[in-house]
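Take a look at the structure set out below.
The values are calculated or read from the model by the stated rules, or taken from the named source; none is laboratory data. Everything numeric in this text was worked out from a predicted model, so none of it was measured. Heads up, the Cβs are rebuilt from the backbone with ideal geometry, glycines too, and the neighbour counts pull from every protein chain shown. Ligands, DNA and RNA are stripped out before the accessible areas are found, and what is left, the full protein with its side chains, is counted by its heavy atoms. Shrake-Rupley method; radii C 1.70, N 1.55, O 1.52, S 1.80 Å.
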Amino acid sequence: GAQCPDRSPLDCLNCNRNSLNDGGLVYIQSRNEIFKNLLMSMDHLIAPSNFLMHQFVNWGINPLQISQIPNVINDPNAPPKSSRKAKKRILFVSSLTKIKGLETFIAAAEDILSRTDAPPDVNFEIWGTTLPAGLDSKFHEILDLRSNHIKLMGNFERIALDAVLSGSTLVVCPSLWFENRPTILDEAAIRGIPTLSSNIGGMKELAVRPNSWTFKVGDSFDLAESILELLS
């Protein structure tokens, strides 16, 4: 559950101890060599983010064999006209797992909604598959208590992305791991929707764009403060 800023066979062994049986470090080192040999046998590699490209280079890939090319995003349909009276919609659009920062998002929403000066017209929408079994029970209680303002929207087909994002106020990407280049950040940007994401990895790299900001990874209070500042 921790971030790995540097490559370390011992850290890999600790994370994978339940799946390596008695192979230990030999398995870790063998896997690394096999992958390097496979990658170096290719003519060229493409990484959607500079972050990922540098990760490969630091791992031992020849920098002349890898290029950074962003993901291709289809042009969106024309958005419908928005109403000034529309509710403020804060979106989480991802797989519903801890490493994607779902608990950070819910905790920040609860923080905002529990304040006496909370915006009365703000809704937090969670788009994705069903909630994970490992979600802390306190977050289930929050979802039940705040069901009028924290809404579980469920999964959707990609063809419906325009409808999901249409009229949204802010897209939040609170992932706890580094990420490569979350497509939802590009999808929001091409539609002119502001984004707020964790300040690590490929997410931090994209925050140099207009209407893109970051907050301290895993810090629900900082996320709540950032959301309120942007809303104001």
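Take the residues of segment 135-155 that are loosely packed, with under 12 Cβ neighbours inside 10 Å and not charged (D, E, K, R): which is farthest from GLU110 (Cα to Cα)? Top of the filtered list is ASN155. Looking only at residues in segment 188-207 that are more than 13 Å from the chain's Cα centre (by Cα) and within 20 Å of ILE126 (Cβ to Cβ), which one is most open to solvent (accessible area, probe 1.4 Å)? The selected residue is ARG191. Restrict the check to segment 84-99 and report whether at least one residue is closer than 30 Å to LEU152 by Cβ, open to solvent by 60 Å² or more (accessible area, probe 1.4 Å), without any contact (Cβ under 8 Å) to a residue 40 or more places away in the chain and in contact with a strand residue (DSSP E or B) (Cβ under 6 Å, 6 or more places away or on another chain). Checked segment 84-99: at least one residue is closer than 30 Å to LEU152 by Cβ, open to solvent by 60 Å² or more (accessible area, probe 1.4 Å), without any contact (Cβ under 8 Å) to a residue 40 or more places away in the chain and in contact with a strand residue (DSSP E or B) (Cβ under 6 Å, 6 or more places away or on another chain). In the condition set (1) within 26 Å of ASN74 (Cα to Cα); (2) among the hydrophobic types (A, V, I, L, M, F, W, C); (3) not in a helix (DSSP H, G or I), LEU161 is compliant with all but (3). When restricted to residues that are open to solvent by 100 Å² or more (accessible area, probe 1.4 Å) and either modelled with pLDDT under 85 or of a type in the set (Val, Ile, Thr) (or both), segment 35-57 contains 1. What residue, among those in segment 106-122 that are of a type in the set (D, E, K, R) and assigned to a loop (DSSP other than H, G, I, E, B), is surrounded by the most Cβ atoms within 10 Å (Cβ to Cβ)? Looking at residues that are of a type in the set (D, E, K, R) and assigned to a loop (DSSP other than H, G, I, E, B), I get ASP121.
Take segment 189-201 and flag every residue that is modelled with pLDDT of 95 or more and either in a helix (DSSP H, G or I) or not hydrophobic (A, V, I, L, M, F, W, C) (or both). Passing the criteria: PRO194, THR195, SER197, SER198, ASN199. In this structure, is ARG146 charged (D, E, K, R), at pLDDT 90 or above and touching a strand residue (DSSP E or B) at 6+ places or on another chain (Cβ under 9 Å)? It is true that ARG146 is charged (D, E, K, R), at pLDDT 90 or above and touching a strand residue (DSSP E or B) at 6+ places or on another chain (Cβ under 9 Å). Based on what the data block shows, is GLU125 in a helix (DSSP H, G or I) and either at pLDDT below 95 or not polar (S, T, N, Q) (or both)? Taking the combined requirement at face value, the residue does not satisfy it.
Exactly one residue among SER220, SER175, SER226 is surrounded by 22 or more Cβ atoms within 10 Å (Cβ to Cβ), at pLDDT 95 or above and either in contact with a strand residue (DSSP E or B) (Cβ under 8 Å, 6 or more places away or on another chain) or under 16 Å from LYS100 (Cβ atoms) (or both), and that residue is SER175. Selection of segment 178-187 for residues being out of contact with any strand residue (DSSP E or B) (no Cβ under 7 Å at 6 or more places or on another chain) and surrounded by 19 or more Cβ atoms within 10 Å (Cβ to Cβ) yields PHE178, GLU179, ARG181, GLU187.
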